[in-house]
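Enquirer: The structure that follows is given in the form of structure tokens.
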Amino acid sequence: MSVHETSDATFEQDTATGVALIDFWATWCGPCRMQSPVVEALDQEMGEQVGFHKLDVDANPNVAEQFQIMSIPTLMITKDGQVVDQLIGYHSKEQVAQLLKQYL
């Protein structure tokens, strides 16, 4: 499994069912580059239970605007298409895993 690139066009379909983690990021964002390996490691461990997605806020401004993403990285957790939680800024693998397990 690998982290799926989502977009303005596919976001709703990608996050419609089950638990999903969406990593809002941009190529120029240093903390985003630090967060990315954490998300990838969690995808390797939890990818059967959680859908892992990345959304480049520069290339896909509509979803970022819809959810009022003002700071990146933002990790948003959805369950069956509804936002249930979000983390702003860099977070460790343990912090993110602990949060995700609450929604499984």
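Read-outs: derived from the displayed coordinates by stated rules, not from any lab. On a predicted model such as this, the values are computed, not experimentally measured, just so you know. As a convention, Cβ positions derive from the backbone with ideal geometry for all residues, glycine included, and neighbour counts pool all protein chains shown.
Here is a yes/no grid of residues against (1) buried (at least 18 other Cβ atoms within 10 Å of the Cβ); (2) within 14 Å of the chain's Cα centre (by Cα):
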| site | (1), (2) |
| --- | --- |
| 3 | yes, yes |
| 22 | yes, yes |
| 33 | no, yes |
| 41 | no, yes |
| 47 | no, yes |
| 57 | yes, yes |
| 70 | no, no |
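Enquirer: So which of 17, 10 is of a type in the set (Val, Ile, Thr) and closer than 20 Å to residue 103 by Cα?
Expert: Every option except 17 fails the conditions.
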